[in-house]
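Let me begin by presenting the structure, written as structure tokens, before commenting on it.
Nothing in this text is a laboratory measurement; each read-out follows from the coordinates by a stated rule. The structure presented is a predicted model; accordingly, all values stated were derived computationally and were not measured. In this analysis, Cβ positions are derived from the backbone assuming ideal geometry, glycine residues included, and neighbour counts consider all displayed protein chains.
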Ligand code: DON
């Protein structure tokens, strides 16, 4: 098996030299300012050793990776409430698709497409205290990463709020169907602020460790989710974490993972590693182009795959 430290730096060097890096998201104007030249990679192995390369400590907008932490928080509070509102089926549609929601009576296919994430965020949002939802998600990621400096980037949140008309349409449509129950404005504001949380690959990889270790955070020994729930969250990441490219990601990488349009991906090799990668250029489906390629290289070289019984 490849030496992890050598592999991580080799993959980063290869990715840093790649001429075709994908297009940085520009539908959120603030994200368009980020250079496509960044590349960061952190792998935390089962012994807790951190292997890092490139821009491993540069913070970026985690965007849809936040949907994972919002889901963990909502499931820990009331799993039945989550599954009453949201399905567990891959959508085969774009992350911000509207058409499927109407065809299916306002019930989102899964918690990782925007509609499903908005419904989950509504469960965390209190109309009396609009900061409560994002506060809960921040508390979770700060404690998992062991870093209280993790925060929302206000400029990114504002930029998305000013342009997030599709998300507003999704939230209003679900309100009409009783899937969003609280104030649409409070739900959207929480969602835009959770997406604007800024984290580095190192912080993200640390925050993902419990998913690689049966729900227990190896850094603190704390139980974050039960083993069964952890398996299920990983199943959702594998089947839905990359939207209409989830099948392709499973085919190429074979690991549960959640992507964001900031170019970050958190991937889990169960029992083996928590991996965070960042490269802001995206595929047409809105997933990091080189982030996916880097994970493909890493998983292949290490033999890491949920479909590999010997891994
Ligand atoms: O709602 C949006 O459009 C963004 N805040 C998040 C979308 C996203 O990250 C999709 N992921 N690849």
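When the Gaussian network model of the chain links Cα atoms closer than 10 Å, the mean-square fluctuations of 110, 167, 96 top out at 96. Using the beta-carbon distance between residue 99 and residue 37 and R0 = 51 Å, what value does 1/(1 + (r/R0)^6) give for FRET efficiency, to the nearest 0.05? The computed FRET efficiency comes out at 0.90.
Averaging the sequence gap over all C-alpha pairs within less than 8 Å and six or more residues apart, then dividing by the number of residues, gives the chain a relative contact order of 26 percent. What is the distance, in nm, between label points placed 7 Å from the Cα along the Cα-to-Cβ direction at residue 57 and at residue 220? The two pseudo-label positions are separated by 2.3 nm. Altogether, the Stokes-Einstein calculation at 10 °C and 1.306 mPa s, with the Kirkwood radius of the chain over Cα pairs as Rh, returns a diffusion coefficient of 84 µm²/s. With all projection directions averaged, the alpha carbon convex hull of region 1-52 covers 5.0 nm². Taking every Cα-Cα distance in region 183-235 and sorting them into 10 Å bins starting at zero, the pair-distance distribution P(r) comes out as 23, 33, 35, 10 percent.
Note on residue 251 and residue 13: their simple-model spin labels are 3.2 nm apart, each label 7 Å out from Cα toward Cβ.
Residues 33, 175, 258, arranged from fewest to most other Cβ atoms within 10 angstrom of their Cβ, appear as 33, 175, 258. Quick one: angle between helix 154-163 and the longest Cα principal axis of the chain, in degrees between 0 and 90, rounded to 10, please. Long axis of 154-163 versus the principal axis of the chain: about 50 degrees.
The packing ranking, built from the mean of other Cβ atoms within 10 Å per residue, places the peptides 262-271, 295-304 in the order 262-271, 295-304, highest first. Between the C-alpha center of region 185-211 and that of region 50-82 there is a gap of 5 Å. With contacts taken as Cα pairs under 8 Å and at least 6 residues apart, region 64-197 reaches a relative contact order of 30 percent. Averaging over all projection directions, the Cα-based convex hull of region 149-261 occupies 9.0 nm² in the image plane. Our summary gives region 225-271 a relative contact order of 29 percent, counting only alpha carbon pairs under 8 angstrom and 6 or more residues apart. Between 191, 243, 158, the residue with the greatest mean-square fluctuation in the GNM of the chain (Cα pairs under 10 Å linked by springs) is 158. Highest mean packing first, where packing is the average number of other Cβ atoms within 10 Å per residue, the peptides 126-139, 274-287 line up as 274-287, 126-139. Taken along the Cα-to-beta-carbon direction at a fixed 7 Å, the label points for residue 2 and residue 229 span 3.5 nm.
Indicate the gyration tensor shape class of region 256-310 (rounded, prolate or oblate), computed on the Cα atoms with a ≥ b ≥ c the square roots of the eigenvalues: a/c under 1.5 is rounded; otherwise a/b larger than b/c is prolate and the rest oblate. Prolate is the answer for region 256-310, as a/c is 1.5 or above and a/b outweighs b/c. Only helices enter this figure: runs of n ≥ 4 DSSP H residues, each worth -39500 (n - 2.57), summed and divided by the residues of the chain, yield -13500 deg cm²/dmol at 222 nm to the nearest 500. Annotation: average projected area of region 64-197 is 7.5 square nanometres, based on the convex hull of Cα atoms across all directions.
Estimated translational diffusion coefficient (Stokes-Einstein, Kirkwood radius over Cα pairs, 37 °C, 0.692 mPa s) of region 199-293: 249 µm² per second.
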